[in-house]
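We did not get these values from a lab; they are worked out from the coordinates using the rules stated. From a predicted model like this one, the values you see are computed outputs, not experimental measurements. We place every Cβ from the backbone using ideal geometry, glycine too, and count neighbours over all the protein chains shown.
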Amino acid sequence: MRIGELAERAGTSTRTLRYYEAHGLVRPRRSANGYRVYDEAELRVVHEIRALLAVGFGLDDIRPFVACLRAGNSSGDVCPDSVAVLRRKLAEVDDYLDRLGAVRHQLHDQLARAIAHREETCLKTRKRAD
């Protein structure tokens with residue numbers, strides 16, 4: 001299939017496919033007239049790339065998954081290098097969630113102090129008015 005058909009079937013643009021190609025993730029063959037020609041397997045690779053990008057993986061993180069698919073595996077996440085990337089990414093997400101939890105706790109405490117201060121100020125103002 002040519003680049004336009006792959007882009008349409010993958011739900012992306014030809015520009016994006018060229019970008020993936022420039023980063024070595026997608027591999028077209030060239031026809032006699034120089035057009036990019038893609039095997040059906042490249043559609044699967046593009047779907048894998050897009051799915052991983054959608055959950056926050058970078059292009060370098062994606063390479064092992066693509067290599068795993070190209071090695072003939074049914075999934076890009078079954079190879080040791082892919083599993084290592086998944087573990088690292090999960091640790092990053094866990095760390096981020098811990099930091100977000102700390103920020104949430106700090107904001108909750110700050111809000112509670114602000115509400116208490118406001119209520120205290122309102123009571124003093126009412127007492128003065130009486």
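Observations
- Estimated D of the stretch 3-129 in µm² per second, where Rh is the Kirkwood radius over Cα pairs and Stokes-Einstein applies at 25 °C, 0.890 mPa s: 134 µm²/s
- Sequence of 96, 19, 38 once ranked by neighbouring C-beta atoms within 10 Å, starting from the fewest: 96, 19, 38
- Contact order, relative form, for the stretch 1-63: 31 percent (alpha carbon pairs under 8 Å, 6 or more residues apart, mean separation divided by residue count).
- Cβ-derived FRET efficiency at R0 22 Å, residue 14 paired with residue 60, nearest 0.05: 0.45
- Charge sum, other residues only, whose C-beta stays under 12 Å from residue 20's C-beta, Lys/Arg counted +1 and Asp/Glu -1: +3
- Classification of the stretch 1-44 by its C-alpha gyration tensor yields a rounded form. The axis ratio a/c (a ≥ b ≥ c) stays under 1.5.
- Computed 3J(HN,Hα) for the stretch 94-108, one whole-Hz value per residue from the Karplus formula 6.51 cos²θ - 1.76 cosθ + 1.60 where θ = phi - 60°, is 4, 4, 4, 5, 4, 5, 5, x, 5, 5, 4, 4, 4, 5, 4, glycine and proline marked x.
- In this structure, the amide hydrogen of residue 2, modeled 1.01 Å from its nitrogen in the peptide plane, lies closer than 5 angstrom to those of 38, counting only residues at least 5 positions away or on a different chain.
- Helix 40-54 and the longest principal axis of the C-alpha atoms of the chain enclose an angle of approximately 10°.
- When peptides 77-86, 103-112, 51-60 are ranked by their average number of other Cβ atoms within 10 Å per residue, the highest-first order is 77-86, 51-60, 103-112.
- Residues 124, 89, ranked from the fewest to the most other C-beta atoms within 10 Å, line up as 124, 89.
- Computed over the chain, relative contact order equals 14 percent, with contacts defined as Cα pairs under 8 Å that lie 6+ residues apart.
- Pair residue 32, residue 86: separation of 7 Å Cα→Cβ label points (nm): 4.5 nm
- Comparing 29, 99, 113 in a Gaussian network model of the chain where C-alpha atoms under 10 Å apart are linked, the largest mean-square fluctuation is found at 113.
- Dipole of the stretch 1-128 computed with +1 at Lys/Arg Cβ and -1 at Asp/Glu Cβ about the Cα centre; of 74, 45, 105, farthest Cα towards the positive end is 105.
- For the chain, size of Cβ-based charge dipole, Lys and Arg +1, Asp and Glu -1, in debye: 480 debye
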